[in-house]
Amino acid sequence: MSQWPDTRILDLLGIQSPIIQGPMAGATNSSMVIAVCNAGGLGSMPAAMLSIEQLREELKTIREHTDKPFNVNFFCHQPPAADEQRARDWKNLLEPYYRELGADFEAPTPVSNRAPFDTAACEVLEEFRPEVVSFHFGLPEKSLLDRVKATGAKILSSATTVDEAIWLEHNGCDAIIAMGYEAGGHRGMFLSEDLSSQVGTFALVPQIVDAVTVPVIAAGAIADARGVAAAFMLGASAAQVGTAYLFTPEAKVSASHHKALRTAKESETAITNIFTGRPARGILNRVMRELGPMSTKAPAFPLAGGALMPLRAKDDAQFANLWAGQAFTLGQDLSSAELTRQLAEGALAKLNAR
């Protein structure tokens, strides 16, 4: 019998520990997912930056190396209409950096893309039938969501406000990720673009718990056992942990990102839209400080990153996104499996010692 005070997520997802590894596109691959799953948590495979062929290969690898439930995560934004003038204005704003770094300003602007969930991705899910499928930026259209549900997958999505949580429950989510303002990476906001609507984890989690009937997963600046235990005290049934997994050897982060996570101060993160066109939290660097971090000139998501690619190639410490949540200084150099076990065992000990 489980010692956890709330076992709804354990029962719903078929996992041993209520620790969900946050899906971090670009930093997570199958090796992290497998390690987390085999340690008793729920590993999450991000698909937004993968081709269909790459996604199929990663899911094949996961199935070959674990028989535990796992999660596949997708973005479900609407691709933006082309806006050539805005793209030109954005690149012109970056021209001084091109000149300084010796990047070719006249070359065609690379395409920065993050693919939304579509029919092709749905077909891969129907082939591999992961136990859990999660979404960011709301949910896909009903016909696609119905197909995902027909595979038997449990559906999760992120809410950054109570209104979003209620909407997600009404539209078919089996559990809701309450994403506090402290969280790293892209904000999951989808009913509003107003950043002033965003709520901190400690305030958001209990309000969502009170507003919905499905289990709630706390996310946002949870990086150690204390945070997991606190999430349960606030009424959550599980915790989603992202940034702490960036410290593991399984994380695919650049040398600059690796260094920033270990040297920046706790106050040095900010919400920015300049890397993709959508608000996301990362560690401050030069381009964030000098252009924003929020800029009205940044093209719509996910197009803003294209013009930055040549600059990233020259200096990725100052011109690449360094995603991190506000609790990143609590990160430890552990393996993904060790971190998963430590989070669960430490939190359970604290909860049972009350």
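The values are calculated or read from the model by the stated rules, or taken from the named source; none is laboratory data. Here the structure is a predicted model, which means the values were calculated and not measured. Don't worry about glycine lacking a Cβ; one is built from the backbone with ideal geometry, like all the others, and counts go over all protein chains shown. Side chains included, ligands, DNA and RNA excluded: accessible areas come from the protein's heavy atoms. Shrake-Rupley method; radii C 1.70, N 1.55, O 1.52, S 1.80 Å.
If you keep only loop residues by DSSP, which GluC sites (Glu not before Pro) in the range 230-269 have at most 13 other Cβ atoms within 10 Å of their Cβ? Write out the running numbers ahead of the final one.
On the way: sites: Glu250, Glu266, Glu268; in loops: Glu250, Glu266, Glu268.
Passing sites in the range 230-269 are Glu266.
Can you tell me the mean projection area, over all orientations, of the convex hull of the range 281-354's alpha carbons? Units nm², please.
Across all orientations, the range 281-354 yields a mean hull projection of 7.7 nm².
So for the range 53-186, if I pair up every lysine 8 or more residues apart or on another chain, how many of those pairs have alpha-carbons under 26 Å apart?
6
Taking every pair of alpha-carbon atoms in the range 197-354, what share in percent sits in each 5 Å bin, from 0 to the bin with the longest distance?
Percent of Cα pairs in each bin: 2, 9, 16, 18, 17, 15, 12, 8, 3, 1, 0.
Given a 1.4 angstrom probe, I'd like the percentage of the accessible area of the chain that is carbon and sulfur, rounded to a whole number. Spell out each step's value before the answer.
Numbers: 7320 of 14670 Å².
Heavy-atom surface of the chain belonging to carbon and sulfur, 1.4 Å probe: 50 percent.
With both bridge residues required to lie in the chain, what share of the DSSP beta bridges run antiparallel, to the nearest 5%?
Looking only at bridges with both residues in the chain, the antiparallel portion is about 20 percent.
Quick one: if you take sqrt(5λ) for each eigenvalue of the C-alpha gyration tensor of the chain, what semi-axes come out, biggest first, whole angstrom?
Equivalent ellipsoid of the chain: 32, 22, 20 Å, largest first.
Straight distance only, please: which aspartates and glutamates reach the Cα of Lys297 with their own Cα at less than 17 Å, same-chain residues fewer than 8 apart left out?
Those aspartates and glutamates meeting the cut-off are Asp83, Glu84, Asp89, Glu95, Glu193, Asp194.
One quarter of the convex hull surface, Cα atoms only: what value does that give for the range 1-44 in nm²? Could the numbers behind the result be given before it?
On the way: hull surface 12.9 nm².
Averaged projected hull area, Cα only: 3.2 nm².
Among the chymotrypsin sites (Phe, Trp or Tyr not before Pro) within the range 138-211, which fall in a DSSP loop and have no more than 11 other Cβ atoms within 10 Å of their own Cβ?
Here no chymotrypsin sites (Phe, Trp or Tyr not before Pro) fit, given the DSSP loop and packing criteria.
List the aspartates and glutamates whose Cα sits under 20 Å from the Cα of Lys350, skipping any in the same chain fewer than 8 residues away.
Once the sequence-local aspartates and glutamates are set aside, what remains near Lys350 is Asp6, Asp224, Glu338.
Pick out, in residue order, every one of the GluC sites (Glu not before Pro) in the range 57-132 that is DSSP loop and has at most 10 other C-beta atoms within 10 Å; say none if there are none.
Those that pass, being in a loop and sparsely packed, are Glu106.
So what is the relative contact order for the chain, in percent, with contacts set as C-alpha pairs under 8 Å and at least six apart?
20
Mind checking which aspartates and glutamates have their Cα closer than 12 Å to the Cα of Lys259? Skip sequence neighbours fewer than 8 apart in that chain.
Asp316
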